[in-house]
Amino acid sequence: MQSIDFFTPIVDSPYEFGQIAVANALSDIYAVGAKPILALNIVCFPINDMEKSILGEILKGGADKLNEAGALMIGGHSVEDPEIKYGIAATGVVHPEKFVTNRGAKKGDILILTKPIGTGILSTALKGKLLDKTITHLLTQTMSTLNKTASEVMMETGVNACTDITGFGLLGHTLEMARASKVTIKIWKNKVPLLPKVYDFASMGVVPAGGRRNVKYCSKAIDTGNTDPITLDILSDPQTSGGLLMSVPSDKADSLISQLKNKGIQSATAVGEIIEESQGKIIIS
């Protein structure tokens, strides 16, 4: 399994940016149940206009997070660029018969989400200098947390399908799972865990443009019911290094949530269910 991801800074700290970028890039590896083993740095940096120490901190953050994942950094490539960008190309290994995709969700399954959502909205608020130190720290901690433990618990328990929640938001990635699995998924909007102040900032209109694009992309395949526009913005919020969304047989759901919590993933929550076979649809209730 190979994956690649990189982006521009979303936090002020170069070290924390490096950690977030690597955690985000590794999520695709963890979503299929693989173990990352190797990585290559991808760096764009204005070397003649910015202190080299900043680049050093970004790379140190990335290296430390990769070390936490148990993988090796074996090289990479850098180019001079007026805008900083950083990420990695990662390689992971998984037994071909245990490879998890987003195509296996089945009627009766329960959907479990391992991280709260709202990183896109809070990152937008951070750029506008609207976040206090406490929420900024929580935001950074959430985005820099690896999905390693969640993936390991998932593989021990056994699930039917999984995807990581990133740029398409919870609704977009859930819709991808619904279409790939040919099922209708019901999302329990009041059960979805949110980061602090997300609803408040969304109410103020502090939402990234990508979220509105996600709403438009999903609109023809989603029955929103009486969902208010603010909640719809939140459910469509593009995530950076979001959690794993697992589709698990109902008789395993409570055990999986309990094991995730016992391993320190306290936000693990059942957020929906697979209700019928279809061409791929979401119902928000």
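Readers should treat all values here as calculations from the given coordinates under stated rules, not as data from a laboratory. These numbers come from a predicted model, not from an experiment. Counting neighbours? That spans all protein chains shown, and the Cβs are built from the backbone with ideal geometry, glycine included.
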Exercise for review: Count the net charge of all other residues whose Cβ sits under 12 Å from the Cβ of Gly118, scoring Lys and Arg as +1 and Asp and Glu as -1.
Suggested key: -1
Check your understanding: Listed here are the pairs Lys129/Lys191; Lys261/Lys281; Lys65/Lys106; Lys35/Lys65; Lys186/Lys220; which of them are more than 25 Å apart at the Cα?
Key -> Lys129/Lys191; Lys261/Lys281; Lys65/Lys106
Check your understanding: Which order do peptides 179-185, 158-164 fall in by mean Cβ count within 10 Å, highest first?
Key -> 158-164, 179-185
Study note, to complete from the structure: Quick note, the stretch 71-170: a/c under 1.5 would make it rounded; otherwise a/b > b/c is prolate and the rest oblate (a ≥ b ≥ c, C-alpha gyration tensor); here it is oblate
Review point. Given Cα pairs under 8 Å that are at least 6 residues apart, what percent is the relative contact order of the stretch 138-285?
Key: 47 percent
Review point. In a shell of Cβ-Cβ distance under 15 Å around Pro238, excluding Pro238 itself, what net charge do Lys and Arg (+1) and Asp and Glu (-1) give?
Key: 0
Exercise for review: Please tell me the relative contact order of the stretch 2-93 in percent, rounded to the nearest whole number, where contacts are Cα pairs under 8 Å and at least six residues apart.
Suggested key: 50 percent
**Study point:** Positive-end residue of Asn102, Gly210, Ala90, charge dipole of the chain with Cβ unit charges
**Key:** Asn102
Practice item. Would you mind checking the radius of gyration and Dmax of the stretch 174-285 based on alpha-carbon positions, in Å? Key: 14.6, 41
Revision key, fill the gap. Once normalised by the length of the chain, the mean sequence separation of its alpha carbon contacts under 8 Å that are 6 or more apart gives a contact order in percent of 28 percent
Review point. Sequence-distant or interchain residues sharing an amide H contact under 5 Å with Val271, placed H: which?
Key: Leu111, Ile112, Leu113
Study note, to complete from the structure: Dipole check, the chain, charges on Cβ (K,R +1; D,E -1), about Cα centroid: among Pro9, Asn262, Ile283 the Cα furthest to the positive pole belongs to Ile283
Review point. Principal axis lengths of the chain from Cα atoms, whole Å, largest first?
Key: 57, 46, 33
Point to revise | Filtered trypsin sites (Lys or Arg not before Pro), the stretch 81-143: DSSP coil and at most 11 other beta carbons within 10 Å | key: Lys98, Lys129
